[in-house]
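Everything below concerns the one structure shown next.
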Amino acid sequence: MTASPFDHPLLSGLLGDADISAHFSAEADIAAMVRFEIALARVQAVEGLTGAEAADAIERGLDGFEPDMAALRDGVARDGVVIPALVKAMRRAVGTPHGEKVHFGATSQDAIDTGLALRLVDVLAVLDERLRGIVAALQGLEDAQGGVEVMAHTRMQAAIPVTAARKIASWRLPLERHIERLEAVRRDVPVLTFGGAAGTLEKLGEKGPAVRGRLAEALGLRDVDHPRHSERDGQAALANWLSLVTGSLGKMGQDIALMAQNEVGEVKLAGGGGSSAMPHKQNPVGAEVLVTLARFNATLVAGMHHALVHENERSGAAWTLEWMILPQMAVATGAALRHAGALLDGLEFRPHGG
């Protein structure tokens, strides 16, 4: 039993998404931060700040690095972030005399936010691929069955007959717009965070901008002229996009659930959920969960807007709130796209009154 439905041993079958969740595991988090530290040591060596021998030692020492997770948990409880305990473990793994060069010039938020950016690049690639697959499936459904006549409803009342193409387009077109919106979101997700204690890279002196530029290039991230420690509009824009995607999928799910009602009978589902009391039923589980996930993300997006309010140069409270919310929104979106694909597979329109 867990507190989150996304990794619950039972509920995760309905609400979880293993592919997306993998990018938010502790192991993936640590691996991304280790990647940051190795790259940092390398580029600092190029700029003459640490030396090639130190960079080699750091890379060797962190190859296959597996920290004591219990010690890290205790460190987070004490420090509020994992980096002090993690860097201490990294330095022990590297050993003397080069261990002290691990994390040189960086701050906790540099490693944590950059590690998140590296993982979000992969998350968005998965979501993008799935979203495009849903759009293609809807286009195929429209081409094959768009001419079927169904009843339009306004304010839950029968209006006039329309083609199924009219219904399907109202599901497909918003998703196409979300693909376009993703390009803007992607600009602010793969951003390097590297500024040191208060964003000034004071320990690196005049080498700071060069190290930052080389580090961004080495990690495949975008270099910005100052760290966005307290500027969280990029994270909020991502949350908005996630909620828009699940919201549009929820609208589709709601329509399909209504059309699948026995007394309406305008769509036939390829599969459905059974009832313990009424074996004749075929519950529209896939359609219903799209509505649930849409409403879930809609509630969480407000929390991400609360997380925009950072005090001064860094906030422990607002930053921690992001950790609690954003991964859940991403997993919910992955699950919604997964369910949408399964729901459309074999969906059959039936003529109104037929």
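The values are calculated or read from the model by the stated rules, or taken from the named source; none is laboratory data. The structure displayed is predicted, hence computed values, not measured ones. Here the Cβ is made from the backbone with ideal geometry for all residues, glycine too, and neighbour counts use every protein chain on show.
Per the conditions (1) in contact with a Lys or Arg (Cβ under 9 Å, 6 or more places away or on another chain); (2) modelled with pLDDT under 95; (3) within 30 Å of residue 108 (Cβ to Cβ), the sole criterion not satisfied by residue 215 is (2). Restricted to region 73-98, and to residues there that are among the aliphatic types (A, V, I, L, M) and part of a loop (DSSP other than H, G, I, E, B), the residue that is farthest from residue 58 (Cα to Cα) is 81.
If the condition is being outside any helix (DSSP H, G or I) and surrounded by 20 or more Cβ atoms within 10 Å (Cβ to Cβ), then region 99-140 contributes 102, 103, 105, 106, 107.
One residue is enough: does region 302-319 have a residue meeting the conditions at pLDDT 95 or above, assigned to a helix (DSSP H, G or I) and either among the β-branched types (Val, Ile, Thr) or in contact with a strand residue (DSSP E or B) (Cβ under 8 Å, 6 or more places away or on another chain) (or both)? Checked against the condition, which is being at pLDDT 95 or above, assigned to a helix (DSSP H, G or I) and either among the β-branched types (Val, Ile, Thr) or in contact with a strand residue (DSSP E or B) (Cβ under 8 Å, 6 or more places away or on another chain) (or both), region 302-319 yields no hits at all. Of the numbered criteria (1) crowded, with 24+ Cβ neighbours inside 10 Å; (2) out of contact with any Leu (no Cβ under 6 Å at 6 or more places or on another chain); (3) of a type outside the set (A, V, I, L, M), the one residue 322 fails is (1).
Here residue 9 fulfils each of the conditions (1) within 28 Å of residue 129 (Cβ to Cβ); (2) modelled with pLDDT of 95 or more; (3) more than 20 Å from the chain's Cα centre (by Cα) apart from (2). Do we have any residue at all in region 151-160 that's modelled with pLDDT of 95 or more and under 20 Å from residue 290 (Cα atoms)? No, there is no match, as no residue in region 151-160 is modelled with pLDDT of 95 or more and under 20 Å from residue 290 (Cα atoms).
Yes/no matrix, rows are residues, columns are (1) surrounded by 19 or more Cβ atoms within 10 Å (Cβ to Cβ); (2) in contact with a helix residue (DSSP H, G or I) (Cβ under 9 Å, 6 or more places away or on another chain); (3) closer than 22 Å to residue 245 by Cα:
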site: 309; (1), (2), (3): no, yes, no
site: 313; (1), (2), (3): no, no, no
site: 316; (1), (2), (3): no, no, no
site: 326; (1), (2), (3): yes, yes, yes
site: 336; (1), (2), (3): yes, yes, yes
site: 342; (1), (2), (3): no, yes, yes
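Residues of region 48-72 that are more than 27 Å from the chain's Cα centre (by Cα), surrounded by 14 or more Cβ atoms within 10 Å (Cβ to Cβ) and in a loop (DSSP other than H, G, I, E, B): 49, 50, 51.
The listed residues are 132, 172, 186, and the only one of them that is closer than 26 Å to residue 27 by Cβ, basic (Lys, Arg) and in contact (Cβ under 8 Å) with a residue 24 or more places away in the chain turns out to be 186.
Within region 304-340, being small (Gly, Ala, Ser) and within 12 Å of the chain's Cα centre (by Cα) holds for 330, 332, 334, 335. Pairing residues of region 327-340 that are over 13 Å from residue 296 (Cα atoms) with residues that are at pLDDT below 95 and assigned to a helix (DSSP H, G or I), at Cβ distances under 7 Å and at least 6 apart in sequence or on separate chains, gives 339/286. Would you say residue 165 is buried (at least 17 other Cβ atoms within 10 Å of the Cβ) and either under 22 Å from residue 139 (Cα atoms) or of a type in the set (Ser, Thr, Tyr) (or both)? Against the criterion (buried (at least 17 other Cβ atoms within 10 Å of the Cβ) and either under 22 Å from residue 139 (Cα atoms) or of a type in the set (Ser, Thr, Tyr) (or both)), residue 165 qualifies. Residues that are within 16 Å of residue 178 (Cβ to Cβ) and among the basic types (Lys, Arg) within region 220-253 comprise just one, 251. Among the numbered conditions (1) within 24 Å of the chain's Cα centre (by Cα); (2) surrounded by fewer than 16 Cβ atoms within 10 Å (Cβ to Cβ); (3) touching a residue at least 60 places away in the same chain (Cβ under 8 Å), the only one that residue 3 does not meet is (3). Contact annotation: residue pairs with Cβ atoms under 8 Å, 6 or more positions apart or on different chains, pairing a residue in region 139-151 that is on the phi < 0 side of the Ramachandran plot and among the β-branched types (Val, Ile, Thr) with a partner that is surrounded by fewer than 16 Cβ atoms within 10 Å (Cβ to Cβ) and not in a loop (DSSP other than H, G, I, E, B), are 150/161; 150/162.
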